[in-house]
Amino acid sequence: MTNALILPQNCVAFAVANPLSGPDHEVAGWFHAHLTPAFVSVLRAFTDFGCAEWIGIVLCALVLFFAWKRWWPSLVTLIIAVPGGMLLNEWLKVLVHRQRPFVDGPFVDWSGYSFASGHTIGATLLYGQLLLFVLPALKTRYWRVLCIFIAAFLVLLVGFSRIALGAHFLTDVLAAIVFGIIWLMLCMALARPLRRSRAGSSVVPVAVPASVELALASLPEPQLAVTSEMARQ
């Protein structure tokens, strides 16, 4: 839901033409006509993987873990990527000003705007960023493919649940996935200099004791060269 304390209510909305308006309404209408109490219960369980409460719990746990490990570049990247991307999506909702497929009914009671899906972009940012953190540590192709499949499956599951529940159109979900991927790529590109500077500052020069320097200075020239070479090895 749009936060009135963050987003101005008098913000100018842009009229964005939807070339897929026909298929959007057909898909939304079909699911709306086939909703049952049992189906809605299952869909609500799926959609919780992208809800703000669940994302907040996971983020708090990751922030504490990264702070404990002193992984500051990863911590900064996480905060900018997930909460930052979700905040930008709220601004996008106000700018586009698209109404939801269904705002009331026996199984739905939605408020706020529709484009783009907040649950879907939240899932894309959270599970996508976790995937980017995990992939470099995986050594085998099997585990990499498995992690990619799990992340993609969770995102698609959340997106499907939002469409089936009548909270969003198909294009709302697809746009959220695309925007989330683009934002993650941008954050990853901007985080590279931070990681490089962190890696460079972690190199600690080895100090040579003064007694060793004096002993090397007193040696004859050939022996000094040999001893210096041995010290470098």
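The values are calculated or read from the model by the stated rules, or taken from the named source; none is laboratory data. Since the model is a prediction, treat every value here as computed from it, not as a measurement. We place every Cβ from the backbone using ideal geometry, glycine too, and count neighbours over all the protein chains shown. What goes into the accessible areas is simple: the full protein's heavy atoms, side chains included, and nothing from ligands, DNA or RNA. Shrake-Rupley method; radii C 1.70, N 1.55, O 1.52, S 1.80 Å.
Each residue of region 143-153 was assigned a 3J(HN,Hα) from its phi angle through the Karplus curve 6.51 cos²θ - 1.76 cosθ + 1.60 (θ = phi - 60°); the sequence is 5, 5, 4, 5, 5, 5, 5, 5, 4, 5, 5 Hz, with glycine and proline shown as x. Label sites at Ala152 and Ala61, each approximated as a point 7 angstrom past Cα along Cα to Cβ, lie 2.5 nm apart.
Can you give me the Kirkwood hydrodynamic radius for region 100-189, using every pair of distinct Cα atoms, in Å to one decimal? Intermediate results must be reported in sequence, preceding the final value.
Working: mean 1/r = 0.0716 Å⁻¹.
Hydrodynamic radius (Kirkwood, Cα pairs) of region 100-189 is 14.0 Å.
Taking only protein heavy atoms and a 1.4 Å probe, the accessible area of region 27-107 is 76% carbon and sulfur. Ligands, DNA and RNA excluded, the heavy atoms of Asp109 present near 130 Å² of accessible surface to a 1.4 Å solvent probe. Put simply, the amide H of Ser117, placed in the peptide plane, has neighbours under 5 Å in Val173, Ala176, leaving out anything fewer than 5 places away on its chain. In the full protein assembly as shown, how much of Phe149 is accessible to a 1.4 Å probe, in Å² to the nearest 10? Surface open to solvent at Phe149 totals about 130 Å².
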